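Notes to accompany the following structure.
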Amino acid sequence: MSRNQAYLNMLDASAKIQWNVAMMLEAKAVEAEKVRNWTLNHLHGHSFDDHENQLSKPITVHEQIIEVLEGITKLQTGLSSNLKAVLAPQEESNDSGGMGGMFGGGGFDLGDMEK
């Protein structure tokens, strides 16, 4: 397998992962909307025994949301490092206008894909 083919496989896998993440986030958004609607219609101040309990339940939900966001952030950081490996310039001395070699001068050359 050529280097360019390996890079294309990495990009394809990255695109598939991004698609799956998007689908998971969409499902989470639908679920969150349902929970929001239920909460607005069914939970009131008198639904809880005391004020501490009233505050602890939403804090638990927020902690879970933060965990999901942290996991997605870690996933995106890993994908970003993979894309940097593909798009990084092969020679640091070749300056291409501060774009990190994305538009020529080293890195992944889309013109070599037919080889």
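The values are calculated or read from the model by the stated rules, or taken from the named source; none is laboratory data. On a predicted model such as this, the values are computed, not experimentally measured, just so you know. Neighbour counts run over all protein chains shown; Cβ positions are idealised from the backbone, glycine included.
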What do you reckon, is Lys57 among the basic types (Lys, Arg), part of a helix (DSSP H, G or I) and either modelled with pLDDT under 80 or surrounded by 12 or more Cβ atoms within 10 Å (Cβ to Cβ) (or both)?
yes
Please go through the stretch 1-25 and give me each residue that is of a type outside the set (A, V, I, L, M, F, W, C) and either over 23 Å from Asn82 (Cβ atoms) or touching a helix residue (DSSP H, G or I) at 6+ places or on another chain (Cβ under 6 Å) (or both), ordered by number.
Asn4, Tyr7, Ser14
With respect to Asn82, determine if the residue is assigned to a helix (DSSP H, G or I), surrounded by 10 or more Cβ atoms within 10 Å (Cβ to Cβ) and either modelled with pLDDT under 85 or touching a Leu at 6+ places or on another chain (Cβ under 9 Å) (or both).
yes
